[in-house]
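The values are calculated or read from the model by the stated rules, or taken from the named source; none is laboratory data. Quantities reported herein were computed from a predicted structural model and do not represent experimental measurements. Don't worry about glycine lacking a Cβ; one is built from the backbone with ideal geometry, like all the others, and counts go over all protein chains shown. Remember, those area values only see protein heavy atoms, side chains included, never the ligands or the DNA or RNA. Shrake-Rupley method; radii C 1.70, N 1.55, O 1.52, S 1.80 Å.
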Amino acid sequence: MPTKDEILQALARVKDPEIGRSIVELGMVKDITIDDGAVDVTIALTVEGCPLQGSIGADVRDAVRSIPGVSTVNVNLTVMTKEELEALTARLRGPKPESPLLEEDSPTRVIAVASGKGGVGKSTVTVNLAIALARRGASVGLLDADILGFSVPRLMGLLGEHPTVLNETLLPIVQFGVRVMSMGFFLESEDQPVIWRAPLLRKYFEQMITDVHWGELDYLLLDLPPGTGDMTLNVVQLIPRSEMLIVTTPQEAASHVALRAGAMAFRAGMGVLGVVENMSYFRCPHCGEVSYLFGRGGGDMVATSLSVPVLGRIPMTEAIQRGSDEGAPVMAVAPQDDAAKAFADLAAAVVEAQPVRPQPTAAE
Ligand code: ADP
């Protein structure tokens with residue numbers, strides 16, 4: 001008479017055609033009864049009416065029939081319960097990635113820098129804020145989460161640099177006292193396009209959090225892609241305690257979309273730290289007269305609408321512009337510039353600020 005072990009061994013060779021893994025490993029074999037040479041096998045399919053059920057049934061029958069002593073094989077097909085299916089999905093997904101950054105009580109403040117639209121200086125603010133925090137003695141990481149439109153390598157003077165890989169762990173590149181990681185470090189040139197769909201972007205983001213040896217950080221700054229989109233959701237799902245810092249210019253066009261980015265953060269359950277108004281004003285280097293090239297009020301509008309503070313107002317200066325192009329951020333190379341002073345003040349305000357959390361709705 002065949003034994004249960006022999007039958008399981010034979011069934012271990014039968015694969016679920018869609019998942020490509022053994023039906024035993026997937027927990028699809030629910031029951032085996034042996035009555036002399038007559039074997040009864042119950043297989044739980046992952047979905048009802050699975051189009052491949054005929055082929056699984058036939059493979060199971062063939063596998064069991066090949067065992068010496070088996071006279072008849074009866075295959076019953078059922079469907080996995082919701083709990084069984086969830087357990088299977090979790091097993092397939094593998095263990096949840098581990099990183100000290102993902103722990104709820106991690107001391108690292110994760111600050112996602114967002115803007116509604118591109119070109120308002122979000123990356124410039126992120127880079128200079130990171131350097132300003134590092135200059136205060138904090139240990140700071142900077143992850144360029146703008147994967148498709150990365151600009152951190154250029155701004156930080158790291159074009160053409162590649163990170164070291166140590167035992168399958170990536171080491172961030174340290175520049176101006178900040179630990180930096182960017183998609184740009186993996187490409188041959190800055191002009192090479194990255195054409196990835198949302199699931200891959202999410203996976204990449206997760207890996208940049210978990211597979212990079214960030215070390216002990218006080219702050220991890222994320223340079224988010226412009227817009228209100230997916231990356232905010234990825235961030236809050238992976239790191240629920242993360243905080244959003246919103247960058248806008250004084251212009252109406254920019255502030256209205258920036259407001260949407262903040263509203264999106266609240267809806268996704270992310271706290272909002274405050275607003276940075278970039279290109280706030282221009283002080284003439286000759287006569288000292290201040291002019292408002294992009295109008296006024298955008299930062300206040302966003303802050304008031306979201307009930308968060310304006311944490312900084314960064315002037316337009318030539319040193320910022322030059323620094324961006326030359327990979328020499330103003331905060332690192334021209335600390336006496338008006339903008340560098342504004343970034344230092346911004347860092348001080350960020351250290352003190354507490355994120356405003358979304359209010360639970362009455363239904364919750
Ligand atoms: P974003 O990340 O929002 O797309 P960037 O940070 O790349 O914007 O900035 C866009 C351009 O504007 C860069 O060339 C940068 O040097 C310039 N810029 C940003 N902020 C300022 C500023 N305060 N003064 C002068 N130029 C600035």
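Considering VAL60, VAL70, which residue is outside the structural domain of TYR219 (by TED's automatic domain parsing), in a helix (DSSP H, G or I) and under 21 Å from GLY37 (Cα atoms)?
Going through VAL60, VAL70 in turn, the sole match is VAL60.
Can you give me the number of residues within the range 121-151 that are modelled with pLDDT under 95 and either more than 25 Å from LEU187 (Cβ to Cβ) or aromatic (Phe, Trp, Tyr) (or both)?
Residues flagged as modelled with pLDDT under 95 and either more than 25 Å from LEU187 (Cβ to Cβ) or aromatic (Phe, Trp, Tyr) (or both) within the range 121-151 amount to 1.
Taking only pairs six or more apart or across chains, which ones have beta-carbon atoms under 6 Å, a first residue in the range 276-298 that is within 14 Å of THR317 (Cβ to Cβ), and a second residue that is outside any loop (DSSP other than H, G, I, E, B) and charged (D, E, K, R)?
If the second residue must be outside any loop (DSSP other than H, G, I, E, B) and charged (D, E, K, R), the pairs left are SER280/ARG313; VAL290/ARG283.
So MET244 clears everything in (1) modelled with pLDDT of 90 or more; (2) open to solvent by 20 Å² or more (accessible area, probe 1.4 Å) except one condition, right? Which one?
(2)
Out of PRO355, PRO329, PRO309, I need the residue that is closer than 26 Å to GLY229 by Cβ and either open to solvent by less than 40 Å² (accessible area, probe 1.4 Å) or of a type in the set (Gly, Ala, Ser) (or both). Which one?
PRO355
Against the conditions (1) farther than 26 Å from TYR219 by Cα; (2) within 16 Å of the ligand (Cβ to nearest atom), where does ALA334 fall short? Just the number, please.
(1)
For the range 36-57, give me each residue that is open to solvent by 50 Å² or more (accessible area, probe 1.4 Å) and assigned to a loop (DSSP other than H, G, I, E, B).
Listed by number, the residues that qualify are ASP36, VAL47, GLU48, GLY49, PRO51, LEU52.
Just name the residue that is most open to solvent (accessible area, probe 1.4 Å) out of those in the range 135-184 that are of a type in the set (D, E, K, R) and touching a strand residue (DSSP E or B) at 6+ places or on another chain (Cβ under 9 Å).
Step one: of the range 135-184, the residues of a type in the set (D, E, K, R) are 135-136, 144, 146, 154, 161, 168, 179.
Next cut, touching a strand residue (DSSP E or B) at 6+ places or on another chain (Cβ under 9 Å) only: 144, 146, 161, 179.
Numbers: ASP144: 0, ASP146: 15, GLU161: 84, ARG179: 66 Å².
Among residues in the range 135-184 that are of a type in the set (D, E, K, R) and touching a strand residue (DSSP E or B) at 6+ places or on another chain (Cβ under 9 Å), the one most open to solvent (accessible area, probe 1.4 Å) is GLU161.
Sort out which residues of the range 113-141 are within 16 Å of the ligand (Cβ to nearest atom), in contact with a helix residue (DSSP H, G or I) (Cβ under 9 Å, 6 or more places away or on another chain) and either assigned to a helix (DSSP H, G or I) or over 20 Å from MET270 (Cβ atoms) (or both), and write them in order of number.
Scanning the range 113-141 gives GLY119, GLY121, SER123, THR124, VAL125, THR126, VAL127, ASN128, LEU129, ALA130, ILE131, ALA132.
Go through (1) within 13 Å of the ligand (Cβ to nearest atom); (2) among the acidic types (Asp, Glu); (3) part of a helix (DSSP H, G or I) and name the single condition ASP146 misses.
With (1) within 13 Å of the ligand (Cβ to nearest atom); (2) among the acidic types (Asp, Glu); (3) part of a helix (DSSP H, G or I) applied to ASP146, the lone miss is (3).
Mind checking whether some residue in the range 337-345 is part of a strand (DSSP E or B) and either within 16 Å of the ligand (Cβ to nearest atom) or aliphatic (A, V, I, L, M) (or both)?
No: zero hits.
Would you mind telling me which numbered condition in (1) part of a helix (DSSP H, G or I); (2) more than 10 Å from the ligand (Cβ to nearest atom); (3) crowded, with 18+ Cβ neighbours inside 10 Å; (4) touching a residue at least 60 places away in the same chain (Cβ under 8 Å) ALA348 fails?
Single failed check for ALA348: (3).
Residues checked against (1) away from the ligand (no atom under 13 Å from the Cβ); (2) within 24 Å of GLU352 (Cα to Cα); (3) touching a His at 6+ places or on another chain (Cβ under 7 Å); (4) open to solvent by less than 40 Å² (accessible area, probe 1.4 Å):
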| residue | (1), (2), (3), (4) |
| --- | --- |
| GLN251 | no, no, no, no |
| VAL257 | no, no, no, yes |
| GLY269 | yes, yes, no, yes |
| VAL275 | yes, yes, no, yes |
| GLY295 | yes, no, no, yes |
| VAL302 | yes, yes, no, yes |
| SER305 | yes, yes, no, no |
| ILE320 | no, no, no, yes |
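Provide a single number: the residues in the range 97-112 that are open to solvent by less than 30 Å² (accessible area, probe 1.4 Å) and not in a helix (DSSP H, G or I).
Adding up the residues that qualify gives 6.
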